[in-house]
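Accompanying notes for the structure given below.
The values are calculated or read from the model by the stated rules, or taken from the named source; none is laboratory data. What you see is a predicted model, and the numbers here were worked out from it, not measured in a lab. Every residue, glycine among them, receives a Cβ derived from its backbone with ideal geometry; neighbour counts consider all protein chains shown. What goes into the accessible areas is simple: the full protein's heavy atoms, side chains included, and nothing from ligands, DNA or RNA. Shrake-Rupley method; radii C 1.70, N 1.55, O 1.52, S 1.80 Å.
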Amino acid sequence: MLLKEVGRGLLDALYPPICLLCGEFSRGSCPHCCPSCMAAFEPLGDSCCAICGKPFACPQEPHLCLSCAVDPGSGETSRSLYVYNNQAARILSLLKYGRQLCILEALKDLIFRAFDGRQLFPEADLVVPVPASRWAMWKRGFNQATVMAGPVAEFLDIPMEKGALSRKGARS
């Protein structure tokens with residue numbers, strides 16, 4: 001492990017890592033995402049719909065948004081860890097379409113930072129990533145939901161089941 005760290009230090013000295021989001025030199029704990037870009041991710045917090053997780057404009061206690069109040073669907077909850085803004089869209093696009101698997105370290109750090117001792121999913125006993133279509137798997141070579149679900153399962157200390165869901169539809 002020490003040899004790996006020394007090797008990383010030498011490589012960083014010769015070829016400083018560049019932030020994939022802004023193009024500046026990255027000196028943070030995640031070599032491919034600088035500290036200022038990492039700070040731009042906005043945690044969702046608790047001010048959101050209790051069912052779909054849609055954030056509310058003003059801080060308030062969790063309740064139902066208008067859509068879920070009118071049609072609560074199955075009542076199952078869905079939750080994001082961060083507000084889906086330009087920064088979130090860029091990092092996910094780098095992973096999904098740019099095949100930048102090196103950005104996973106930054107995503108893992110963001111996942112751990114979002115939990116930060118909070119019990120967001122106290123009743124969860126299994127993490128199930130949404131399967132990608134065969135076309136997406138062939139095109140990308142991996143399922144981004146699976147690679148991001150791993151750190152969530154690791155943090156929650158619960159198992160991840162890759163084959164629990166199946167995809168239906170014309171492109172499956």
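Looking at the range 52-74, which of its residues are modelled with pLDDT under 80 and not small (G, A, S)?
Those that are modelled with pLDDT under 80 and not small (G, A, S): C58, P59, Q60, E61, P62, H63, P72.
Taking into account only those residues within the range 80-108 that are under 16 Å from F41 (Cα atoms) and of a type in the set (K, R), which is most open to solvent (accessible area, probe 1.4 Å)?
Among those that are under 16 Å from F41 (Cα atoms) and of a type in the set (K, R), it is R90.
If we keep just the residues of the range 28-48 that are of a type outside the set (A, V, I, L, M) and not in a loop (DSSP other than H, G, I, E, B), which is modelled with the lowest pLDDT? So that I can check it myself, show each step before the final result.
In the first step, residues of the range 28-48 are kept if they are of a type outside the set (A, V, I, L, M); the result is 28-37, 41-43, 45-48.
Then drop every residue that is not not in a loop (DSSP other than H, G, I, E, B), which leaves 35-37, 43, 48.
Details: P35: 88, S36: 89, C37: 89, P43: 84, C48: 81.
Among them, the one singled out is C48.
Give me the pairs, please: first residue somewhere in the range 47-64 and free of Cβ contacts under 8 Å to residues at least 40 places away in the same chain and more than 13 Å from S80 (Cα to Cα), second residue anywhere and aromatic (F, W, Y) and open to solvent by less than 50 Å² (accessible area, probe 1.4 Å), beta-carbon distance under 9 Å, and either six or more positions apart or on two chains.
From residues that are free of Cβ contacts under 8 Å to residues at least 40 places away in the same chain and more than 13 Å from S80 (Cα to Cα), the pairs are P62/F56; H63/F56.
I'm trying to understand the selection: among the residues of the range 155-172, which are at pLDDT below 85 and not aliphatic (A, V, I, L, M)?
F155, K162, G163, S166, R167, K168, G169, R171, S172
Give the residues of the range 19-48 that are surrounded by fewer than 17 Cβ atoms within 10 Å (Cβ to Cβ) and of a type in the set (F, W, Y), sorted by residue number.
Selection gives F25 alone.
Do we find a residue being exposed (fewer than 15 other Cβ atoms within 10 Å of the Cβ) and among the basic types (K, R) anywhere in the range 53-76? It would help to see each step written out before you state the result.
First, pick out the residues of the range 53-76 that are exposed (fewer than 15 other Cβ atoms within 10 Å of the Cβ): 57-64, 66-67, 69-76.
If we keep only those that are among the basic types (K, R) too, we end up with none.
So far as the range 53-76 goes, no, none of its residues is exposed (fewer than 15 other Cβ atoms within 10 Å of the Cβ) and among the basic types (K, R).
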